[in-house]
Amino acid sequence: RKAPRSALKVSSNLSRKRSWLKEMKGPESTELIDALKALRRAYSRTKKRAWLKAAELLSRPRRRRVEVNVYSLEKHSSDGDFVVVPGKVLSLGSLSKKITVAAFSATDGARKKIAASGSKFLTLAEAAAKADGRKVKIVI
């Protein structure tokens, strides 16, 4: 027996969809793409390898992206530091130092704790546009 023509069309459509899925690689989020472009532009402008390293860490798959708690920021920074987190800041812990934190994203609780300590929070795109790359600490 031969398979009906409609069954052949469905299977060929599925194979086309699978091949399309295989072609998709890399980030799809426009926010992520913009942040990566801004970090690479900052590297080409300042020639500071910290921006390139941050872009490399941020371009990882989501399941391997950096997640840092507020207590890690407290532990690895001192007053006046410019801290870059190429991932997400989570709200566990407290912060007593006045620092500038640049991250791809942060939870609401983390943003509140950062603001309560008198620190500033910037997105990576904002930080790459404003900062010159000196004295940048990358917290992983």
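Where a ≥ b ≥ c are the square roots of the eigenvalues of the C-alpha gyration tensor, would you call segment 45-140 rounded, which needs a/c under 1.5, or, failing that, prolate if a/b is larger than b/c, or oblate?
Details: a/c = 1.83, a/b = 1.24, b/c = 1.47.
The shape class here is oblate.
Contour minus end-to-end for residue 56 and residue 140, with contour as 0.36 nm per residue of separation and end-to-end as the Cα-Cα distance? Don't jump to the answer; show the numbers that get you there.
Details: separation 84, 0.36 × 84 = 30.24 nm, distance 1.23 nm.
Here the answer is 29.0 nm.
List the aspartates and glutamates whose Cα sits under 15 Å from the Cα of residue 48, skipping any in the same chain fewer than 8 residues away.
List returned: 56, 132.
Could you sort out which of 37/113; 88/137; 47/137; 53/135; 88/112 sit more than 25 Å apart by Cα distance in this structure? Provide the component values of the computation, followed by the final result.
On the way: 37/113 29 Å; 88/137 15 Å; 47/137 16 Å; 53/135 14 Å; 88/112 14 Å.
Listed pairs above 25 Å: 37/113.
Name the residues of segment 56-91 whose amide N is less than 19 Å from a point 7 angstrom out from the Cα of residue 107 along the C-beta direction?
62-76, 85-91
Straight-line reach only, C-alpha to C-alpha below 14 angstrom: list the aspartates and glutamates that residue 98 could link to, leaving out same-chain residues fewer than 8 apart.
Correct list for residue 98: 74, 79, 81.
Would you please give the residues with an amide H less than 5 Å from that of residue 69, counting only those at least 5 places away or on a separate chain, with H modeled from the backbone geometry?
Excluding prolines and chain starts, which carry no amide H, the hits are 90.
Filter the trypsin sites (Lys or Arg not before Pro) in segment 17-122 down to the DSSP loop ones having no more than 11 other Cβ atoms within 10 Å, then list what survives. Show your work: numbers first, answer last.
Values: sites: 17, 18, 22, 25, 37, 40, 41, 45, 47, 48, 49, 53, 62, 63, 64, 65, 75, 88, 97, 98, 111, 112, 113, 120; in loops: 25, 47, 48, 65, 97, 98.
Those that pass, being in a loop and sparsely packed, are 25, 47.
Every number here is computed from the coordinates shown, using simple stated rules; none is lab data. Note that the coordinates shown come from a computational prediction; the quantities given were computed from them, not determined experimentally. All Cβ positions, even for glycine, are placed from backbone atoms using ideal geometry, and neighbour counts span all protein chains on display.
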